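Below is one structure; the comments refer to it alone.
The values are calculated or read from the model by the stated rules, or taken from the named source; none is laboratory data. Source: prediction; values computed, not measured. When we count neighbours, we look across all protein chains shown, and the Cβ atoms used for this are built from the backbone with ideal geometry, even at glycine. Calculation scope for accessible area: heavy atoms of the full protein, side chains included, ligands and nucleic acids excluded. Shrake-Rupley method; radii C 1.70, N 1.55, O 1.52, S 1.80 Å.
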Amino acid sequence: MGETQAGHGTGQASTVQGAGDVEASLGLRDAELQVLSRTLANVAHDIQNHLAAINESAGWMGDLLTLKNKQRFGWISRLFRLGKRHSDDIRPFSVALDAIQKEIGQGSILNKRIGGFAHRLEEAPSLFSGNKALEEIGDVLLREAAEKGIHLEMKLANGAPMIETDPPGFQLAVFCGVEQIMDGLERGDRLMLEAGEEEGRYQVQLTSSRPAESLGLPLRDPDGQDFSQTIVEELGGQIWKQSGDGNHITTLAFPLAVART
Amino acid sequence: MKVLLVDDEIDFVTTLSNRLGMRGIKTDVVHDGQDALDYVKEQEPDVIVLDLKMPGMYGMEVLRQLSKTNPGIQVVILTGHGTDRDEDEAQRLKAFDYLEKPTDIDKLADRIRGAYKFRLEQTMAAAAFAEAGEFDTAREMAKDAEPLKTTGELFEDEDKNET
């Protein structure tokens, strides 16, 4: 990741700071990010192991209850073809165990996304699923939107092809694009994120329920450029914006993976 | 069917072993990669359920060595959270399947049975060729089996139905 991200803000930054200083500080930031990402990935992995252990223990208790039930009422169940139905004294335990396993399942999905996001920070440009990368940042964005009272909806097309680019750069570009738009929205406003293949590219389209002029200024990089635009262009993609009918649409387009021989 | 579970999380793997036992799958358990390789030298299992992140030897290294020394053993990866790169590497090394913890016990039991069935089919096919005197083909069959391309697809449909 180091080389790719270090390239994001260099170039003409010498007007503000020496180019060497900027590169040095970005290099340090990269190193810090790598340490953080590895720590986060390890913690997420350990949490996953704990969740798995709790899940198995809950499952084991369920197995034992089922076994006990079968031993006591097996012949009745068989006679009346009751299948796996539990008796009244066992049912509350069974319901509680199901609830535990359901919560573990949901916690596990969130934790996997955090782990996936952390792993991506370590990755060099690679072939990856844009949808999966968006799901990883989606939880954070959905939570933030909910806190702001904004209706954020994500629609990721099934079967979208893989893209080949810098994964954290891709996530950061979309993240900044969504953040900028959300900053200009008010409670009750809508924002739709749609992603999929369009015209031979992987496109992320952000449609907000307000025109461009009310959305405020984009996040800027050290050169004063729109941060999302800088990243998207560095990744070989394009970004364009259009307004009409009270809506504003920002489209981030990324090149698909070149077929490998 | 001889199944070996390899995982350093002792509570987890003990419970897993008990639960698989209840489903008619008897298992042996070891807690690190080197012990797994030592076990394989003494008594070759049909299927290994292998964690990736373990102290000492990383699970992927165990898989790499097994693919050279015992390519007939079917390996199901069961990891806390691997990366896309791990999954690609497991596929390249012809792991039978790649699952993430926590997984549904019945799904895991199905994968283990599927892996065992696949191993039997490979062995019988190789034996048939060997009996017919086609030893090179028999050897190639044992070496070049690509489980993820065949059984993996079968299970994908099952997963979609579950979700």
Filtering the stretch A:36-65 down to residues that are of a type in the set (Gly, Ala, Ser), more than 9 Å from chain B (Cβ to nearest Cβ) and touching a residue at least 60 places away in the same chain (Cβ under 8 Å) yields A:Ser37
First in the stretch A:99-113 and β-branched (Val, Ile, Thr), second anywhere and open to solvent by 70 Å² or more (accessible area, probe 1.4 Å), Cβ under 7 Å, 6 or more apart:
A:Ile104/A:Ile54
Take the residues in the stretch B:12-67 that are of a type outside the set (A, V, I, L, M, F, W, C), assigned to a loop (DSSP other than H, G, I, E, B) and within 14 Å of another protein chain (Cβ to nearest Cβ), then tell me which one is surrounded by the most Cβ atoms within 10 Å (Cβ to Cβ).
B:Asp51
Quickly run through the stretch B:68-107 and pick out the residues that are part of a helix (DSSP H, G or I) and under 11 Å from the mean Cα position of the chain (by Cα).
B:Ala90
Hits in the stretch B:106-163 (condition: more than 16 Å from B:Pro71 (Cα to Cα), modelled with pLDDT of 70 or more and touching a strand residue (DSSP E or B) at 6+ places or on another chain (Cβ under 7 Å)):
B:Leu108, B:Arg111, B:Ile112
Take the residues in the stretch A:56-110 that are open to solvent by 50 Å² or more (accessible area, probe 1.4 Å) and in a loop (DSSP other than H, G, I, E, B); name whichever of them is modelled with the highest pLDDT.
A:Asp89
For the stretch A:120-156, what are the residues that are over 12 Å from the mean Cα position of the chain (by Cα) and either within 11 Å of chain B (Cβ to nearest Cβ) or assigned to a helix (DSSP H, G or I) (or both)?
A:Leu121, A:Glu122, A:Glu123, A:Ala124, A:Ser126, A:Leu127, A:Phe128, A:Glu144, A:Ala145, A:Ala146, A:Glu147, A:Lys148
B:Lys94 vs. criteria open to solvent by 30 Å² or more (accessible area, probe 1.4 Å) and away from chain A (no Cβ under 13 Å)
yes
Cβ pairs under 6 Å, 6+ apart or interchain, first in the stretch A:125-147 and in contact (Cβ under 8 Å) with a residue 12 or more places away in the chain and in the same structural domain as A:Arg190 (by TED's automatic domain parsing), second assigned to a helix (DSSP H, G or I) and among the charged types (D, E, K, R), ordered by first then second residue, are A:Glu136/A:Arg113; A:Asp139/A:Arg113
Selected residue (only one of A:Leu235, A:Leu215 is surrounded by 19 or more Cβ atoms within 10 Å (Cβ to Cβ), in contact with a Gly (Cβ under 8 Å, 6 or more places away or on another chain) and modelled with pLDDT under 80)
A:Leu215
In the stretch A:157-191, which residues are open to solvent by 20 Å² or more (accessible area, probe 1.4 Å) and assigned to a strand (DSSP E or B)?
A:Glu164, A:Arg190
Only one of (1) part of a helix (DSSP H, G or I); (2) within 13 Å of another protein chain (Cβ to nearest Cβ) is not met by B:Thr123, so which one is it?
(2)
